[in-house]
Amino acid sequence: MRSHRRLLTHSSGCGCWPKALLVSLALGACYAPDDLNFAGVPSYGHVHRRTRLAAAGAEGGLRNVQDLCTGEELTGTVNKVNKHGAFFDFEPGMQGFLHVNKLGKGIVKDAAEFMKVGDKLQVRVLKVRDGRVDVAPTDFDKFRKRALSDFVIGDQLQGTVVGIGAPGMFVDIGAMIDAFLPSANVIDFDASTQALKDVFKPGQELSVKVVANTNTQLDLSMK
């Protein structure tokens with residue numbers, strides 16, 4: 001049985017945490033400085049120092065889910081574990097889920113091999129949807145890529161198609177998440193007479209530009 005300690009360190013109380021770490025958490029930092037990397041994994045050059053003064057800032061309130069950033073580190077408490085993954089409580093009203101397919105290189109059949117209810121574990125944000133936070137271990141491969149804050153609207157990029165559906169395509173542009181290219185933003189394409197999967201294939205390279213950038217999503221256009 002593989003120990004969950006491989007993934008993330010337990011939080012045993014604030015008394016042993018560096019003062020700078022507590023300040024960083026209080027400010028709601030999207031990306032912690034290198035020397036504040038909770039799990040001791042390497043930082044990858046694109047880690048940013050910019051912070052968001054969210055609701056947990058100077059006024060001492062609770063943070064809003066929408067203030068979270070892809071790649072941001074969080075410490076949460078496991079409240080439920082099944083073979084599909086683990087559910088977390090972060091702050092009151094903030095819920096998270098870590099899918100079992102994010103737990104290792106090979107096939108992991110049961111998340112309980114790594115964690116149990118009550119564990120306080122450190123994870124990083126993958127995306128936010130419907131008020132829930134999808135997370136992954138701090139050493140998940142995607143976190144080695146560029147932070148979303150590296151990209152600005154208007155950036156011209158080369159990307160690789162990694163997924164195709166009716167609404168659009170997912171494109172790898174070297175970011176921590178795959179960017180989304182809506183079908184309406186595809187040049188010389190008519191959704192009323194064509195299907196994206198008949199025109200494009202996974203692995204195909206595209207010239208795209210960034211048209212929208214939030215904390216957890218990048219949108220693209222070919223136009």
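The values are calculated or read from the model by the stated rules, or taken from the named source; none is laboratory data. Nothing here was measured: the structure is a model prediction, and the numbers come from that model. Methodologically, a virtual Cβ is constructed for each residue, glycine included, from the backbone with ideal geometry; neighbour enumeration extends over all protein chains shown.
Taken together, the residues in region 167-206 that are under 30 Å from Val135 (Cβ atoms), aliphatic (A, V, I, L, M) and part of a loop (DSSP other than H, G, I, E, B) amount to 3. Just so you know, in region 88-105 the residues that are small (Gly, Ala, Ser) and assigned to a loop (DSSP other than H, G, I, E, B) include one that is nearest to the chain's Cα centre (by Cα), and it is Gly104. Taking region 117-133 as the range and being in a loop (DSSP other than H, G, I, E, B) and free of Cβ contacts under 8 Å to residues at least 24 places away in the same chain as the test, only Asp130 passes. Taking the criterion of being surrounded by fewer than 18 Cβ atoms within 10 Å (Cβ to Cβ) and of a type in the set (Asp, Glu), the residues of region 174-192 that qualify are Asp188, Asp190. In the set (1) outside any strand (DSSP E or B); (2) touching an Asp or Glu at 6+ places or on another chain (Cβ under 9 Å); (3) not charged (D, E, K, R), the condition left unmet by Phe143 is number (2).
Selection of region 193-208 for residues being within 24 Å of the chain's Cα centre (by Cα) and either aliphatic (A, V, I, L, M) or surrounded by 15 or more Cβ atoms within 10 Å (Cβ to Cβ) (or both) yields Leu206, Val208.
Residues in region 103-124 that are charged (D, E, K, R) and modelled with pLDDT of 90 or more: Lys116, Asp119, Lys120, Arg124. The condition of being of a type in the set (Lys, Arg) and outside any strand (DSSP E or B) does not hold for Lys209.
For region 122-139, enumerate the residues that are within 18 Å of Pro92 (Cβ to Cβ) and touching a helix residue (DSSP H, G or I) at 6+ places or on another chain (Cβ under 7 Å). Those that are within 18 Å of Pro92 (Cβ to Cβ) and touching a helix residue (DSSP H, G or I) at 6+ places or on another chain (Cβ under 7 Å): Val128, Gly131, Val133.
Note on region 151-192: residues that are within 19 Å of the chain's Cα centre (by Cα) and on the phi > 0 side of the Ramachandran plot amount to 1.
Residue by residue, here is whether (1) on the phi < 0 side of the Ramachandran plot; (2) in a loop (DSSP other than H, G, I, E, B); (3) without any contact (Cβ under 8 Å) to a residue 24 or more places away in the chain holds:
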position	(1), (2), (3)
Ile107	yes, yes, yes
Met115	yes, yes, no
Val135	yes, no, no
Ser149	yes, no, no
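If you go through region 114-134 and pick out every residue that is surrounded by 18 or more Cβ atoms within 10 Å (Cβ to Cβ) and either over 27 Å from Ala147 (Cβ atoms) or not assigned by TED's automatic domain parsing to the domain that holds Asp67 (or both), you end up with 1. Comparison of Ala175, Ala184 shows that the only residue that is closer than 21 Å to Val152 by Cα, among the small types (Gly, Ala, Ser), modelled with pLDDT of 95 or more and out of contact with any helix residue (DSSP H, G or I) (no Cβ under 9 Å at 6 or more places or on another chain) is Ala184.
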